[in-house]
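Written out below as structure tokens is the structure these notes cover.
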Amino acid sequence: MTLVERDQELAALAAAAQAAARGEGGVVLLEGVAGIGKTALLRGAREAAESAGLTVVAGVASALDRDFPFGLVHQLLDPLLAGGDGERRARLLSGAAAQAEPVLSPLGAGPAQPAPTHAVLHGLYWLVANLAEEGPLALLVDDLHWADVSSLRLLEFLGRRLQGLPVLLVGATRVGEPGADAELLAALAGGPATRVLRPAPLTADGAERLLAETLGGAPEAPFVQAAVGATGGNPLLLRELARAAAEQGLSGRGEESPQLDAIGSADLVAAVERRLAALGPDAGAGARAAAVLGERATRDGLAA
């Protein structure tokens, strides 16, 4: 899948990976709404990190795992500790890093996961530092807004201490997600080594390129304008719209533009319904009101 109009973000990720390879670690936070392309940029970050010689580990937070302390930490660090002998593990968990041992015991074994105290976070930081001595690292995390609090506290703790370490942390998050720890995410975004990238909606030129991939040819300007108007330039919504249009035999001619308003993708409808359900009943009522009012929608009008 081609990344459209994301050259600046990809260049920033490549520069961050190269800096980490030189021992200048940092954090890149990808912020944006659902469908704007954060996950695709994480794939670009992986490619950039691998090209720069970094060892890459990745994790994906889940709303279903939010109550599991340090669940995301296990996703990131367990693969780095696996496969080695006992001597290597003992070396990596020596000194200050020994405080991380209770967190990284096999799941279901030993006592319950410890609280994210300063001592535990300090131990996990030193474990990452010891791992980085074996070679530069890239830690990639998707859906940070669903991360368990313990793991998020570690990432924020780590993010403030990456300068001088060959470690790159790249995370993707939605802003304003229900249940997310906004304070910790804001602290991570405001860290001294953090760069925040906010991918923008696609322009008409970018939308034309994306639509052409699915429709098999360059669409005409009125068709592109109608597609951008229907989706707000969101890449995911544009792809869904293009797929539905292609299934109905549309090729992107200008006279087909009015048909875009009537096209609905079952997958897109289901995705929007899930998002609205997570926001509560008021969000559904607000969405229906906005649909009725259209471009005339105002805050007072929606409330009424």
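The values are calculated or read from the model by the stated rules, or taken from the named source; none is laboratory data. These numbers were taken from a predicted model, which means no experiment stands behind them. Every residue, glycine as well, gets a Cβ built from its backbone with ideal geometry; the counts of neighbours run over all protein chains shown. Heavy atoms of the whole protein, side chains included, go into the accessibility calculation; ligands, DNA and RNA do not. Shrake-Rupley method; radii C 1.70, N 1.55, O 1.52, S 1.80 Å.
Candidates Phe70, Leu93, Ala52 compared by Cα position along the dipole of the range 1-113: farthest toward the positive end lies Leu93, with charges placed on Cβ. Working value for the range 41-90: equivalent-ellipsoid semi-axes of 22, 21, 5 Å, each the square root of 5 times a Cα gyration tensor eigenvalue, largest first.
Taking label points 7 Å from Cα along the Cα-to-Cβ direction, Thr39 and Ala303 give a separation of 3.7 nm.
When restricted to Cα atoms, the range 1-147 yields an Rg and a Dmax of 16.4, 49 Å, respectively.
Here the contact order of the range 1-127, divided by its residue count and restricted to Cα pairs under 8 Å and six or more residues apart, works out to 17 percent. Only helical runs count toward this figure. For the chain, summing -39,500 (n - 2.57) over DSSP H runs of n ≥ 4 and dividing by all residues gives -15000 deg cm²/dmol at 222 nm.
If a spin label sat at a point 7 angstrom from the Cα of Leu279 along the line to its beta carbon, the backbone N atoms of the range 161-189 nearer than 15 Å would be those of 174-180. Compared with the alpha-carbon gap, the fully stretched path from Ala204 to Val175 is longer by 8.0 nm at 0.36 nm per residue.
Remark on Asp181: its backbone amide H falls under 5 Å from none of the residues 5 or more positions apart or on other chains, H modelled at 1.01 Å from N.
Can you tell me how the range 165-259 classifies by the Cα gyration tensor, rounded, prolate or oblate, using a/c under 1.5 as the rounded cut? Prolate shape, in that a/c is at least 1.5 and a/b is the bigger ratio. Computed over protein heavy atoms with a 1.4 Å probe, the accessible surface of the chain works out to 49 Å² per residue. Between the alpha-carbon centers of the range 143-192 and the range 282-301, tell me the distance in whole angstrom. What the calculation gives is 33 Å, centre to centre. Applying 1/(1 + (r/R0)^6) with r as the Cβ-Cβ distance of Arg22 and Glu255 and R0 = 45 angstrom yields a FRET efficiency of 0.20. Report the paramagnetic label zone for Val272: residues of the range 284-303 whose backbone N is under 15 Å from a point 7 Å from Cα along the Cα-to-Cβ axis. Residues passing the 15 Å test: 284-295.
Per atom type, the chain shows carbon and sulfur on 54% of its accessible surface, probed at 1.4 Å.
How far, in degrees from 0 to 90, does helix 281-293 lean away from the longest principal axis of the Cα atoms of the chain, to the nearest 10? Once rounded, one gets 30 degrees.
Subtracting the Cα-Cα distance of Ala119 and Ala287 from their residue separation scaled by 0.36 nm leaves 55.9 nm. A cut-off of 5 Å between modelled amide H atoms, ignoring neighbours fewer than 5 places along the same chain, links Gly59 with Leu140, Val141, Asp142. Across Glu24, Glu50, Glu255, mean-square fluctuation computed from a Gaussian network of the chain (C-alpha pairs under 10 Å connected) peaks at Glu255.
What residue among Ala283, Ala17, Ala227 shows peak mean-square fluctuation when the chain is described by a Gaussian network model with Cα springs under 10 Å? With Cα springs under 10 Å in the chain, the top fluctuation among Ala283, Ala17, Ala227 is at Ala283. Using a Gaussian network model of the chain in which every pair of alpha carbons under 10 angstrom is joined by a spring, one finds that among Glu133, Glu87, Glu177 the greatest mean-square fluctuation is at Glu87. I need the shape label for the range 97-203. Rule: rounded when a/c is under 1.5, else prolate if a/b > b/c, else oblate, with a, b, c from the alpha carbon gyration tensor. Oblate, because a/c is 1.5 or more while a/b does not exceed b/c.
Shape class for the chain: prolate, because the ratio a/c of the largest to smallest gyration tensor axis (alpha-carbon atoms, square roots of eigenvalues) is 1.5 or more and a/b beats b/c.
Quick one: of the DSSP bridges fully inside the chain, what percent are antiparallel, nearest 5? Percentage antiparallel, nearest 5: 0.
Length available on full extension from Ala230 to Val149: 0.36 nm per residue minus the Cα-Cα distance, which gives 25.5 nm. The residue list Asn234, Ala221, Ala246 was ranked by how far each Cα lies along the charge dipole of the range 198-304 toward its positive end, using unit charges on Cβ atoms, and Asn234 comes out on top.
What is the sum of charges around Leu276, taking Lys and Arg as +1, Asp and Glu as -1, for the other residues whose C-beta is under 11 Å from the C-beta of Leu276? So the surrounding residues net to +1.
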